[in-house]
Amino acid sequence: MTKIHVKTNINGDKVEFLADPRETLLDCLRDHIGLTGSKEGCGTGDCGACSCIFDGDLVSSCLVLGVEAEGKSIETIEGMAGEKELHPLQKKFIEMAALQCGFCTPGILIAAKALLDRNNDPTESEVRYWLAGNLCRCTGYDKIIKAVMETARDIRETA
Amino acid sequence: MQYHSPSSFNEAVAISNSSSGLVKYLAGGTDVLVQLKIGTKSPDHLIDIKNIPGVREISLRDDGGYTIGAAVSGAQLTEHKELSKKWPGLVEGMELVGSAQIQSRATLVGNLCNGSPAADSVPGMIVAGASVSILNSSGTKDVLVEDIPSGPGSTSLENGELITAINLPKRNDYEGDAYLRFIPRTEMDIAVVGCAVNLSLEKGVITSAKVVLGAVGPKVILAHSAADCLVGTKLDDNILSRFSAKCSQIAKPISDKRGSEEFRKDIIGVIAQRAAKKAYDRALGNN
């Protein structure tokens, strides 16, 4: 199988890799680039554990081919924290224990960040609908929703 | 599998016609990549149309209608305020497909080409009178969306044919549409039944009506006789209950894990009635 040379940008860094055209972006992130923060839950776009920002859009990286990353800009969970500090959502998730096993957490943080980047004053319903594509089998969601709502409030107060 | 990323529609069709084995076009990929993953359809050639200029654009034509590029995502439709105002039923149908992650990628054309009788965006496109532009080796043709689905998982498209865009007609005053579906949860599910209605009014009286039922047959059903009983009325309660009964009678559902035949026949009448009411209210307010 001929591999394709892909040049892309991940979390601000120029990255090149060789991809089999069948490999998903998630496969490439994890197996070629070593960014294992994005998780594979279902591999069919149902669970959201592999959520990434792809050219500004929130996507499931298991439903994007690695070769589609050519010339694009990708944000993963590894790029969420600043150099010295965690992202406010990450801090709040720890403070409020909005996770248990942690498998869904990278995807939920990326999805929640995508929401707050475009709307820092969402209603609880908006948060619940927005995160409907991120499954969590541990928390029962309440702590996650509360953490996102509180982060949004903090962002508004410091803005 | 070979991956192609052509820079024009003609090039895409030429690649398709000169390739052997299973050839698939790729837009949002939310169905194609799932099929690839689970192995139900394993293409030899995958032709990504997203790098073709204009394919992610929504444009207003000179005749007042909209042309929606083949790779326009659900999220783009929702964000387009004018389109959402003119065709709320069409946009809300697409919006019901999947999560925020899916909405960033999934397309109207993909939802149509996937051929599911439960596709949420297809009834809305049909009642809108939408057509698709199809390119093949002999040229371009315009085909109504209602002529594309041919059965569960299948379409009337020939090998190599490519849908390049969806064309919506001009929206006039006092017209309105709506799409409603029934699912047992609130989000992230596949329609048990679905119904789209599009109405035109004159002084509050319905002058034309289109009704399409989803997920209650091997493909979407154009409920002409149900639509006919709305014409010439102001949608009073008597008419609504006749309309509801007619829709239940027209539906030819199967029983499966999502719902029994009996339940689906019953619930399609309820959903259709609510969709008609919503379309009527929108038509009254659209001026």
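Along the axis of the charge dipole computed for region B:206-260 (Cβ charges of +1 for Lys and Arg, -1 for Asp and Glu, origin at the Cα centre), the listed residues B:SER255, B:LEU222, B:ALA245 are led at the positive end by B:SER255.
Between A:ASN120 and B:VAL231, the simple label model (points 7 Å from Cα in the Cβ direction) yields a spacing of 5.5 nm. Values of log10 I(q)/I(0) for region B:245-287 across q = 0.22 Å⁻¹ run -0.69, by the Debye formula with one identical scatterer at each alpha carbon and no solvent. Rounded to the nearest 0.05, what FRET efficiency do B:ILE190 and A:LEU86 give with R0 = 35 Å and r taken as the Cβ-Cβ distance? Could you check? My answer for the efficiency is 0.40. Here r is the Cβ-Cβ distance between B:ASN17 and A:ASN9 and R0 is 45 Å; the resulting FRET efficiency, rounded to 0.05, is 0.80. For chain A, the C-alpha radius of gyration divided by 2.2 N^0.38 Å, with N the number of residues, is 1.05.
Note on B:THR40 and B:SER59: their simple-model spin labels are 3.5 nm apart, each label 7 Å out from Cα toward Cβ.
Over every Cα atom in region B:203-287, the radius of gyration and the widest Cα-Cα span, Dmax, amount to 13.3, 45 Å.
For A:ILE155, neighbours were defined as the other residues whose beta-carbon sits under 13 Å from its Cβ, and their charges (Lys and Arg +1, Asp and Glu -1) total +1. For region B:60-206, the Cα-based Rg and Dmax, in that order, read 15.1, 48 Å. Projecting the Cα atoms of A:GLN100, A:ASN119, A:ILE155 onto the dipole axis of region A:88-158, where Lys and Arg carry +1 and Asp and Glu carry -1 at the beta carbon, places A:GLN100 farthest toward the positive end. When each of the peptides B:142-154, A:61-73, B:89-101 is scored by the mean number of other C-beta atoms lying within 10 Å of its residues, the order from highest to lowest reads B:89-101, A:61-73, B:142-154.
Of the trypsin sites (Lys or Arg not before Pro) found in region B:204-277, those that fall in a DSSP loop while having at most 11 other beta-carbon atoms within 10 Å are B:LYS257. Taking every alpha carbon pair in region B:1-126, what does the distance histogram look like in 5 angstrom bins from 0, in percent? Result returned by the calculation: 2, 11, 19, 22, 19, 14, 8, 3, 1. Every helix of 4 or more DSSP H residues in chain B counts as -39500 (n - 2.57), and over all residues that averages to -9500 deg cm²/dmol at 222 nm. According to the calculation over all Cα-Cα pairs in the protein assembly as shown, the P(r) per 20 Å bin from zero is 24, 53, 22, 1 %.
Partner shielding of B:33-46 amounts to 3, given as the average count of beta-carbon atoms from other chains within 10 Å of each residue beta-carbon. In summary, the lysines within cross-link reach of B:LYS37, defined as a Cα separation below 19 angstrom excluding same-chain residues under 8 places away, comprise A:LYS3, A:LYS39, B:LYS24. Considering only B:ASP266, B:ASP120, B:ASP62, the mean-square fluctuation computed in a Gaussian network model of chain B, springs between alpha carbons under 10 angstrom, is largest for B:ASP62.
Bear in mind these aren't lab numbers, they're just calculated from the coordinates by the rules spelled out. Predicted, not measured: the structure shown is a model, and the values here were computed from it. Here the Cβ is made from the backbone with ideal geometry for all residues, glycine too, and neighbour counts use every protein chain on show.
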